[in-house]
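Report on one structure; see the data block that follows.
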Amino acid sequence: MTDTAARNVTGEPDPLEAPPPAFRPSDAERIAAEVFGVSGTGSPLVSERDQNVKITADDGRGFVLKIANPADDPGVIDMQTMALLHVARTEPTLPVMRLVPTVEGEFHTRVAGPDDRSHIVRMVTLLPGRTLEPDELRPDTLRSFGAACARLGRAMRGFFHPSADHPLLWNIKHALDLRPLVRHIADPNRRGAIEEVLDRFEEHVHPVFGELRAQVIHNDLTPDNCLFDPGQRISGIVDFGDMAHSALICDFVSTVEPLMGERPDHFGSLEATAAGYASVTPFLDDEIALLPDLLLARWATTAVISAWRVRNYPENAEYITGWDAGVWAMLDAYRGLGPAEYRRTIREAMDAATRADRPAPRAGGSIDEMVERRGRLLGSAISPLTYDRPLHLVRGSGAWFYDADGCAYLDCYNNVPVVGHSHPRVVEAIARQAATLNTNARYLHGSALELAERLIATVPDGLDTVMLVNSGSEANDLAWRLATTVTGATGGLVTDFAYHGVTTVLADLSPEEWRDASAPAHVQTVPAPDGYRGPHRREESGWTTAYAEHVDEALGALAARGVRPAAMVMDSGFTSDGILTPPAAYLQDAVRRWRDAGGLFVADEVQSGFGRPGSHLWGFDVHGVIPDIVTLGKPMGNGHPVAAVITRADIVDRFARETEWFSTFGGNPVACEASLAVLDVIEHEDVQRNAAEQGAWLREALEELRSRYEVIGDVRSLGLLIGVELVRDRDSREAATAESNAVLNAMRERGVLVGTTGRDGNVLKIRPPLVLAREEAQILIDVLEQVFEQRTASR
């Protein structure tokens, strides 16, 4: 077989096989001036398959003109461009290159080369600092290096591009494509070593590679592609040329493999770099298990491509073979140790790294001791802990929690971190503003005004005023004050197992909390629109109208007690009632009947807003109604306390005639910056689209489980707000409360967290952060299936 085996699946030559560009510095200067409007002096920089020219502008600024190899796929170059823009938005503190637009406002264009080939050109900012040799890096720098790799991977977590799966020999998942090129390694012993590595990869890695968590990765964050300041802090990350969709662990592999080879403390370098990586993104067990073979595959890749390339381009041999000594040092170390000892040594290093990174819990003793202290110190009224075996959580990242022992749990329950636990953009916004200013709303600051403007832009016309508070409870409490003041009435209407907050006012509007107490005289409940187990079933004609007619009954009951209607408060996802998804006609009809009697409609979006429906940003939009008042809470700051009321100016003006309103911390600068960051992430990282796609996929997967397990009576979903109702018998639809609790705890033991909801506690509540990836959704389904299968087998 010839070297054309290195051609990609389209039959085009691999860029590693095509001659690189050959522009003179004067050519680069002309392109910089004419195309990018930057006049300056050019000097060449080293590169493998493309051409990079440093441009020192006449005003002293530095840039790099990047001239692509003609064999590079234009789609891949566009992917790299979009990735740079994405990272700059999602993790602005990462020191990545910034793109310079052309004079036409584009980020790349084509120019003719000296050999008449056409090249795509881009210009990026020149970053400060210098490269360091691996053996110059201090142990603390290695840790920072690993953390930077993980931060970059996390910043790219929500990024995708149609060209992301392009064939690239540097992508470890294509390691087996190296076989035709192994013949270029002259030494037969070394050739045999590579064949042995590829055999191991084919047998042990290739069959399960697709099961690893995957995304678009940088794939080349080596010391050659990083710049450091005098204190060995990373000041620049360059060269996105080897980006590809692959297993996330391969990003770490590409970073650590040259460090291990070029430093005398091979496995100590692995431990230090892994500790830094794990401090941001903890490793999963299947990744650690495959790491030894993935490292071998990466060293084999470097060795084979080097031998192949240097024969074609001997004039660039020094650059091409720069990593060869370290590669063969590690491959020789592997053969010297033997497979078993090699794997054990790597496992020891990774265990030490993850132990070093494991957060130390605050003093508290054992779980039992902490439970006792909680009950004694926080009082008997506090809600009970979730799960039979309580969790002591110490850290979160993306859709994952980590406990004090370092165990990982997929969070499919908490809606507060709507864009993922510890999202870097939100964390950075909070830290930046907290280090600058935090004060109250009696002083002007722009973030509160910008937040109000952006929220107003998301809701229907007429909802033009924002009042900022600290929590969803405060928002609903204020909504009640507005409604009662404007209407001059005191009557409230809620569904019969709703929850709307913790204040005295809201306790009266939260039947879920009433327990044995009777309903307050000024509040009336209506049955939630449950078309599966409720009094009106969806198989009955006119069932939504039958539910809406209960509003008329409630109005009559209030009138009989001399109470006029003020506010009907409803959660658009009917979350506490069991996660219900009635047709839009129900809420439209119910709201019309209430308004006709003089009341206002308050849409409680605390649980169902901020993109969770997928199809819409807000739950009330799904129902096609325009509220008088909208309340926002929990997800608004991704965990930072901030909430809001959105309403009409005429309602606020009427309220203002009777009282002045103020909240010391409501709308403080830190809270506003947190919320603005959440809106940025939702807008720029396609969070809402992800909610729609993953929600639809989960719904289909859950329906498939329902077809096999009789205990699943019904599946309901609104994007990534999903209810799975368990029943003892599908004919009687008797609630399987005990079974639901058992499933909840069994999933917890397998590392997946869900909740329960509904009056009978028999609905599994699945409400993950909206950044949930497909691979993570698959974990949820797999674990749920395991639990149901085990319960079926044990009967």
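The values are calculated or read from the model by the stated rules, or taken from the named source; none is laboratory data. Predicted model, so just to flag it, every value in this text is computed and none were measured. Note: ideal-geometry Cβ built from the backbone for every residue, glycine included; neighbour counts use all protein chains shown. For the accessible areas, the whole protein counts, side chains as well, though only heavy atoms, and no ligand, DNA or RNA atoms are used. Shrake-Rupley method; radii C 1.70, N 1.55, O 1.52, S 1.80 Å.
Any residue in segment 320-339 that is in contact (Cβ under 8 Å) with a residue 24 or more places away in the chain and of a type in the set (Phe, Trp, Tyr) sitting within a Cβ distance under 9 Å of a residue that is open to solvent by less than 30 Å² (accessible area, probe 1.4 Å) and assigned to a loop (DSSP other than H, G, I, E, B)? List the pairs, counting only those 6 or more apart or interchain. From segment 320-339, the pairs are TRP323/THR222.
Take PRO25 and decide whether it is of a type outside the set (Val, Ile, Thr), at pLDDT below 95 and under 21 Å from PHE240 (Cβ atoms). If you could, list the steps in order and put the result at the bottom.
Working: of a type outside the set (Val, Ile, Thr): yes; at pLDDT below 95: yes; under 21 Å from PHE240 (Cβ atoms): no.
So PRO25 fails the test.
Listed here are the residues, each with its yes/no results for (1) open to solvent by less than 10 Å² (accessible area, probe 1.4 Å); (2) within 18 Å of CYS149 (Cβ to Cβ); (3) of a type outside the set (Gly, Ala, Ser); (4) in contact with a helix residue (DSSP H, G or I) (Cβ under 6 Å, 6 or more places away or on another chain).
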| site | (1), (2), (3), (4) |
| --- | --- |
| ARG263 | no, yes, yes, yes |
| PRO282 | no, yes, yes, no |
| LEU295 | yes, yes, yes, yes |
| ARG298 | yes, yes, yes, yes |
| ARG309 | yes, no, yes, yes |
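Determine if segment 302-324 includes at least one residue that is in contact with a Gly (Cβ under 8 Å, 6 or more places away or on another chain) and more than 18 Å from HIS204 (Cβ to Cβ). First the steps, then the outcome.
So in segment 302-324, the residues in contact with a Gly (Cβ under 8 Å, 6 or more places away or on another chain) come out as 323.
Filter once more, keeping what is more than 18 Å from HIS204 (Cβ to Cβ): 323.
Looking for residues that are in contact with a Gly (Cβ under 8 Å, 6 or more places away or on another chain) and more than 18 Å from HIS204 (Cβ to Cβ), one finds at least one in segment 302-324, hence yes.
Under the condition of being within 22 Å of GLU512 (Cβ to Cβ) and part of a loop (DSSP other than H, G, I, E, B), the residues counted in segment 564-598 number 11. Of all residues in segment 402-414, those that are under 30 Å from GLY609 (Cα atoms) have Cβ atoms under 6 Å from Cβ atoms of residues that are open to solvent by 20 Å² or more (accessible area, probe 1.4 Å) and among the charged types (D, E, K, R), 6 or more apart or on another chain, in TYR402/ARG395; LEU410/GLU776. In the set LEU455, LEU468, only one residue is open to solvent by less than 40 Å² (accessible area, probe 1.4 Å), assigned to a strand (DSSP E or B) and not hydroxyl-bearing (Ser, Thr, Tyr); that residue is LEU468.
The residues on offer are SER572, SER615, and the sole one that is open to solvent by 50 Å² or more (accessible area, probe 1.4 Å), out of contact with any Asp or Glu (no Cβ under 6 Å at 6 or more places or on another chain) and either among the aromatic types (Phe, Trp, Tyr) or under 29 Å from LEU451 (Cα atoms) (or both) is SER615. Taking segment 506-551 as the range and being in contact (Cβ under 8 Å) with a residue 24 or more places away in the chain, among the hydroxyl-bearing types (Ser, Thr, Tyr) and open to solvent by 40 Å² or more (accessible area, probe 1.4 Å) as the test, the residues that pass are THR525, THR545. Out of all the residues in segment 107-147, which are under 30 Å from ARG30 (Cβ atoms) and touching a Lys or Arg at 6+ places or on another chain (Cβ under 6 Å)? The answer is HIS108, SER118, ILE120, ARG122, THR125.
Across segment 203-234, which residue is nearest to ARG157 (Cα to Cα) among those that are among the small types (Gly, Ala, Ser) and within 27 Å of the chain's Cα centre (by Cα)? Before you say what the answer is, go through the steps one by one.
As a first pass, look at segment 203-234 and keep what is among the small types (Gly, Ala, Ser): 210, 214, 231.
Still in the list and also within 27 Å of the chain's Cα centre (by Cα): 210, 214.
Working: GLY210: 17, ALA214: 9 Å.
So the residue we want is ALA214.
Mind listing whichever residues of segment 350-361 are loosely packed, with under 14 Cβ neighbours inside 10 Å and either farther than 25 Å from ASP140 by Cβ or modelled with pLDDT of 85 or more (or both)? The one that is loosely packed, with under 14 Cβ neighbours inside 10 Å and either farther than 25 Å from ASP140 by Cβ or modelled with pLDDT of 85 or more (or both): ASP351. Among the residues of segment 674-714, write down those that are of a type in the set (Gly, Ala, Ser), surrounded by fewer than 23 Cβ atoms within 10 Å (Cβ to Cβ) and under 30 Å from THR93 (Cα atoms). Of everything in segment 674-714, just one residue is of a type in the set (Gly, Ala, Ser), surrounded by fewer than 23 Cβ atoms within 10 Å (Cβ to Cβ) and under 30 Å from THR93 (Cα atoms), namely ALA692.
Might you check whether a residue that is open to solvent by 30 Å² or more (accessible area, probe 1.4 Å), among the polar types (S, T, N, Q), in contact (Cβ under 8 Å) with a residue 24 or more places away in the chain and touching a strand residue (DSSP E or B) at 6+ places or on another chain (Cβ under 9 Å) occurs anywhere in segment 437-451? Checked against the condition, which is being open to solvent by 30 Å² or more (accessible area, probe 1.4 Å), among the polar types (S, T, N, Q), in contact (Cβ under 8 Å) with a residue 24 or more places away in the chain and touching a strand residue (DSSP E or B) at 6+ places or on another chain (Cβ under 9 Å), segment 437-451 yields no hits at all. Screening PHE610 on (1) assigned to a loop (DSSP other than H, G, I, E, B); (2) over 18 Å from HIS623 (Cα atoms) shows it passes everything except condition (2). Taking the criterion of being surrounded by fewer than 16 Cβ atoms within 10 Å (Cβ to Cβ), within 15 Å of CYS250 (Cβ to Cβ) and among the acidic types (Asp, Glu), would at least one residue in segment 122-142 satisfy it? So far as segment 122-142 goes, no, none of its residues is surrounded by fewer than 16 Cβ atoms within 10 Å (Cβ to Cβ), within 15 Å of CYS250 (Cβ to Cβ) and among the acidic types (Asp, Glu).
So is ASN171 of a type in the set (S, T, N, Q) and without any contact (Cβ under 8 Å) to a residue 12 or more places away in the chain or not?
On the way: of a type in the set (S, T, N, Q): yes; without any contact (Cβ under 8 Å) to a residue 12 or more places away in the chain: no.
In short, no.
Checking ILE456, ILE382, ILE430 one by one, the residue that is modelled with pLDDT under 90 and within 29 Å of GLY609 (Cα to Cα) is ILE382 and no other.
Yes/no per residue for (1) open to solvent by less than 10 Å² (accessible area, probe 1.4 Å); (2) more than 20 Å from ASP686 (Cα to Cα):
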site	(1), (2)
ALA590	yes, yes
ARG595	no, yes
LEU600	no, yes
ALA603	yes, yes
GLY619	yes, no
ALA649	no, yes
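Does GLY40 fit the bill of being open to solvent by less than 50 Å² (accessible area, probe 1.4 Å), within 39 Å of the chain's Cα centre (by Cα) and at pLDDT 90 or above? For GLY40, the condition - open to solvent by less than 50 Å² (accessible area, probe 1.4 Å), within 39 Å of the chain's Cα centre (by Cα) and at pLDDT 90 or above - is not met.
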